[in-house]
Amino acid sequence: MGAIVAFALVAAGADLVASDLPLVARVDGRTFVLPCLTRPLALRDDDQQSLAARGAWLVPTPIPFGPLSSRPGGVQSPLEPPSTRHLLGTDD
C-alpha cells in the first residue's frame, strides 16, 4: 500500500521533479513562480537552458528536462551512458 501511495505522489508532482521550465525564475525583470506548472505565455518558447542564459537567476527542477525534450536546448548530443547529469543515459 505504501508503494502505491509513493508512486501516486511522484506522479502528481512529476512537473516539480522533471520539467523543461524551472521552479522559480527571474527573467526580463519579472519573477515567475512555478512556471513548470502554470506554463506562462511569456516563457512558452524557453527551456531551463535558455532561461539560465538570459535570466537573472532561476531555481531549477532536479531533472532539468521535460518529458518531451528529446534535444534540450537544441543541442544534438551522441548517445551517452548513465552519468550524474543523465541518470538513465541518453537516447532518442
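The values are calculated or read from the model by the stated rules, or taken from the named source; none is laboratory data. All figures in this text were calculated on a predicted structure; none of them were measured in a lab. All Cβ positions, glycine included, derive from the backbone under ideal geometry; neighbour counts span all protein chains shown. Side chains included, ligands, DNA and RNA excluded: accessible areas come from the protein's heavy atoms. Shrake-Rupley method; radii C 1.70, N 1.55, O 1.52, S 1.80 Å.
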Count - residues of segment 35-61 that are open to solvent by 40 Å² or more (accessible area, probe 1.4 Å), without any contact (Cβ under 8 Å) to a residue 12 or more places away in the chain and either charged (D, E, K, R) or in contact with a strand residue (DSSP E or B) (Cβ under 7 Å, 6 or more places away or on another chain) (or both): 3
Looking only at segment 15-32, count how many residues are more than 14 Å from the chain's Cα centre (by Cα) and either outside any loop (DSSP other than H, G, I, E, B) or surrounded by 14 or more Cβ atoms within 10 Å (Cβ to Cβ) (or both). 5
Looking at (1) more than 23 Å from Gly89 (Cβ to Cβ); (2) of a type outside the set (Lys, Arg); (3) open to solvent by less than 90 Å² (accessible area, probe 1.4 Å); (4) part of a helix (DSSP H, G or I), which one does Leu9 not meet, given that it meets all the others? (3)
Top-ranked residue in segment 47-66 [being hydrophobic (A, V, I, L, M, F, W, C) and outside any loop (DSSP other than H, G, I, E, B); ranked as nearest to Val17 (Cα to Cα)]: Ile63
